[in-house]
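Have a look at the structure below, then the notes.
A short reminder: the numbers here are calculations on the coordinates, not readings from a lab. Just so you know, these numbers come straight off a predicted model, no measurement behind them. Reconstructed Cβ throughout: ideal geometry from the backbone, glycine too, with neighbour counts over all protein chains shown.
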Amino acid sequence: MNQIPDNASRHDNVFDVLKERGFIKQTTHEDEIRELLGRENVTFYIGFDPTADSLHVGHFMQVIIMMWMQKFGHTPVVLIGGGTGMVGDPSGRTDMRKLMTKDMVKENCRQFERTFSRFIDFGDGGAIAVNNADWLLDLNYVDFIRDIGRHFSVNNMLRAECFKSRMESGLSFLEFNYMLMQSYDFLELYRRHGCKMQFGGDDQWSNILGGVDLIRRELSGQAYGMTFTLLETSEGKKMGKTQAGALWLDAAKTSPYDFYQYWRNVEDADVKNCLSLLTFLPMDEVERLSQLKDADINTAKERLAYEVTKLVHGEDEAAGAQEAARALFGGGAGADGAGIVDAPTFELDRARLAGEGIGIVNLIREAGLVDSNKDGFRAIEQGGLTLDGEKVTDAKLFLKEENFPDGQALLRRGKKKYCRIILT
């Protein structure tokens, strides 16, 4: 199960690994946490609310952290938020999340569990999977407020960043409860599994502090918290957003090819950060690749795309995506689309090729390469369209069946927009 190469780190303490690679943002007790992680097997948890039916790449950073921790002998508790998902976390939000039904939450939880098993070892003595619906959904509200709510100061909560940023736009009482619920999760895991640490993205800092403080007040126990840098570009924008929406880990929602291409096209300034946070390449190799300049930086981007796609979708899919990208954009052998296993496709009815055939502009519009016929004419006039590697110069070209050898052809607009046409 362990996908981390033996030579991935030169450190004996996972804290030093996470520090060196740029994960750590804030800690409640830095020196104590480092000492504890170097001294004993620590049980820690990260929570994931099932807000969709697939994990996205922002979640994947947390998965990577769990994989590092498990490699160094620590025990991950993967908490699925079947209870907190019924409320919705206000952290990092400018509006209230859309409420989901219980059935939607349950189904999303099942999908999450299947995904985690691809990365984390849940065998004997391995990671622990829990769902906070087990203790949250049947709580007696009055008892909960009396026993847990009494430990929380409303004044302190309103100063928390996750609430403060929402005061002008409006914060519902439903969302205001979220910090209590997440803090209670930490308390329950401390009781049930001896869980001493909670990790999360830096937008979870206030919630993590709430749990650490609750354990101290309720049980006189010592717990710890650590947050990690969010996956952002060098300009401070969240990564993982595409024109089609989030960059999902589920191949049915984001194909391995599109997943690969996202990382292949990151900005030069983001290469080092992505290699450090999303791959297990040794830092010496990360530094070497990150120092490449001009056209050579594309070698680093290719390596980044391959390594991340291999982790998420497996070696075969990563190799296929890389082969497809090289065929489409490399300009060498295979640029006719042969061997492409997972590229965007458009199915064309052979009957439409009868008679005079189909106009090239109509086809590229229907295939999504251009937004309108006007845009299509302009692309051809500017020399930006190729058919099986040959530049299209006639905007009034009509295609017939002989233009589709072996029942397919590759259309490409510019450097990054393409589509494989398949006759049906």
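Every Cα-Cα pair in region 198-257 was counted, and those over 20 Å apart are 51% of them.
Return the inverse of the average 1/r over all pairs of distinct C-alpha atoms in region 6-228, which is the Kirkwood hydrodynamic radius, in Å to one decimal.
Result for region 6-228 stands at 17.9 Å.
Here K417 is the anchor, and the lysines within straight C-alpha reach of less than 27 Å, apart from those fewer than 8 places off in the same chain, are K237, K238, K241, K253, K272, K293, K301, K310, K374, K391, K396, K400.
Provide the three semi-axes, in whole Å and in decreasing order, of the ellipsoid equivalent to region 345-423 as defined by the square roots of 5 times the Cα gyration tensor eigenvalues. Mind showing how you got there, number by number?
On the way: eigenvalues 66, 35, 26 Å².
After diagonalising the Cα gyration tensor, the semi-axes are 18, 13, 11 Å.
Axis of helix 30-39 versus longest Cα principal axis of the chain: the two differ by about 90°, to the nearest ten degrees.
Counting helices only, and only those DSSP H runs with n ≥ 4, report the 222 nm mean residue ellipticity of the chain as the sum of -39,500 (n - 2.57) divided by its residues, in deg cm²/dmol to the nearest 500. Could the numbers behind the result be given before it?
Details: 18 runs with 176 residues, N = 424.
Computed mean residue ellipticity for the chain: -12000 deg cm²/dmol.
Does anyone have the angle between helix 102-116 and the longest principal axis of the chain? Alpha-carbon axes, 0 to 90°, nearest 10? Value to nearest ten degrees: 80.
Each principal axis of the Cα cloud of region 177-229 was taken in turn, and the coordinate range along them, longest first, works out to 29, 22, 16 Å. Kindly write out, for region 225-240 in residue order, the coupling ³J(HN,Hα) from the Karplus curve 6.51 cos²θ - 1.76 cosθ + 1.60 (θ = phi - 60°), rounded to whole Hz, with x marking Gly and Pro. Rounded to whole hertz, the list is x, 8, 10, 10, 4, 6, 7, 10, 6, 5, 8, x, 9, 5, 8, x.
Each Lys and Arg adds +1 at its Cβ and each Asp and Glu adds -1 at its Cβ; summed about the Cα centre, the chain shows a dipole of about 760 debye. Tally the DSSP beta bridges in the chain and give the antiparallel ones as a percent, rounded to 5. Counting DSSP beta bridges with both partners in the chain, the antiparallel share is about 50 percent.
Which one of T43, T28, M61 is farthest out on the positive end of the charge dipole of region 1-77, using unit charges on Cβ (Lys, Arg +1; Asp, Glu -1) and the Cα centre as origin? So the residue furthest toward the plus end is M61.
Only one residue of S206, S153, G81 has its Cα farthest out toward the positive end of the dipole of the chain, where Lys and Arg carry +1 and Asp and Glu -1 on Cβ, and that residue is S153. Within the same chain, aspartates and glutamates fewer than 8 places from K25 are excluded, and of the rest, those with a Cα less than 19 Å from its Cα are D16, E35, E161, D202, D203, E232, E235, D270. With Cα atoms as the point set, region 241-329 shows a radius of gyration and Dmax of 12.5, 35 Å. Between N155 and E287, the simple label model (points 7 Å from Cα in the Cβ direction) yields a spacing of 5.0 nm.
Exposed loop sites were defined as GluC sites (Glu not before Pro) in DSSP loop states (anything but H, G, I, E or B) carrying at most 15 other C-beta atoms within 10 Å; in the chain the longest segment without such a site runs 41-167.
For T75, nonlocal amide neighbours, meaning residues 5 or more places apart or on other chains whose placed amide H falls under 5 Å from its own, are V42, T43, F44. Between the Cα long axis of helix 315-329 and the first principal axis of the chain there is an angle of about 40°, rounded to the nearest 10. Dipole of the chain computed with +1 at Lys/Arg Cβ and -1 at Asp/Glu Cβ about the Cα centre; of G126, F173, L137, farthest Cα towards the positive end is F173.
Which values, in whole Å and largest first, are the semi-axes of the equivalent ellipsoid of the chain obtained as the square root of 5 times each eigenvalue of the Cα gyration tensor?
Details: eigenvalues 443, 126, 69 Å².
Working from the Cα gyration tensor, I get semi-axes of 47, 25, 19 Å.
Charge dipole of region 6-228 (Cα centre as origin; +1 on each Lys and Arg Cβ, -1 on each Asp and Glu Cβ, all else neutral): 220 debye, rounded to the nearest 20.
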